[in-house]
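Worksheet: the structure to be examined is printed underneath.
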């Protein structure tokens with residue numbers, strides 16, 4: 001009788017643990033779903049020409065997208081399903097939604113070139129996500145291979161926020177937006193390296209300077225959020241090409257400073 005009671009208790013504990021585990025798995029996926037919902041809402045808002053609301057929805061989707069991964073790691077509930085679902089959500093929130101937003105906000109007067117560039121942005125975003133999923137265990141975790149799709153989406157959303165802040169409301173039909181969307185699309189599928197902010201060794205080595213730096217960024221972001229978000233997103237988008245150019249210049253300097261075999265033979269003709 002006692003053994004039967006113990007078995008019933010143990011089975012009850014296992015049932016509660018399994019139920020709790022299933023509930024925890026649902027939690028990060030709820031954040032992913034909320035991120036996709038914000039992306040879908042951004043599409044609806046852009047179709048209604050509510051461009052500011054669409055931009056804010058993309059920003060909220062970006063915040064939620066960052067929370068779902070951290071929630072999964074904190075609760076130790078990372079899974080292949082979650083990763084695939086997150087990629088599909090990112091395609092909607094940061095690929096399709098910004099493409100439609102850009103088309104309705106600026107690219108519609110360009111006819112077929114307008115919607116083709118919008119599609120190019122969404123297609124390059126899908127390719128960027130597929131490549132990331134393939135290379136996730138291959139490439140160095142401290143860098144991203146190509147501009148991340150959320151960063152590309154935030155670059156567009158922050159531009160609309162900045163324009164609204166300086167008084168340019170409604171549509172803005174300028175060729176610079178068309179060129180900018182093409183550049184963002186190409187940067188996503190490029191091999192340009194971007195810092196991933198996953199390597200926090202610098203912050204651990206210099207905690208005092210890191211705290212001061214983070215506080216300064218927070219103060220600027222709270223004081224002028226439209227300007228600061230645009231500055232950070234635009235700066236991050238161009239940081240990859242600038243970093244690549246800097247490395248190329250440094251490499252060429254080292255090659256010039258390195259003595260050639262001919263110069264070594266001229267210095268020591270007798271071979272002594």
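Taken together, the values in this text are just the output of simple stated rules run on the coordinates, not laboratory data. Quick caveat: nothing in here was measured; it's all calculated off a predicted structure. Here the Cβ positions follow ideal geometry from the backbone for every residue, glycine too, while neighbour counts run over all protein chains shown.
Using 0.36 nm per residue, how much length does the chain from residue 214 to residue 239 gain when fully extended, once their Cα-Cα distance is taken away?
Difference between extended and current length: 7.1 nm.
Between residue 47 and residue 165, take the C-beta separation as r, use R0 = 30 Å, and let me know the FRET efficiency to the nearest 0.05.
Efficiency, rounded to the nearest 0.05: 0.85.
Can you give the percent of C-alpha pairs in the range 11-264 whose distance is more than 30 Å?
36
How large is log10 I(q)/I(0) at q = 0.20, 0.24, 0.31 Å⁻¹ when the Debye formula is applied to the Cα atoms of the range 133-184, each weighted equally and without solvent?
Those come out to -0.78, -0.96, -1.23, one per q.
For the range 109-153, compute Rh as the Kirkwood radius over C-alpha pairs and then the Stokes-Einstein diffusion coefficient at 25 °C and 0.890 mPa s; write the answer in µm²/s, rounded to an integer.
207
Could you put 40, 144 in order, starting from the residue whose Cβ has the fewest other Cβ atoms within 10 Å?
40, 144
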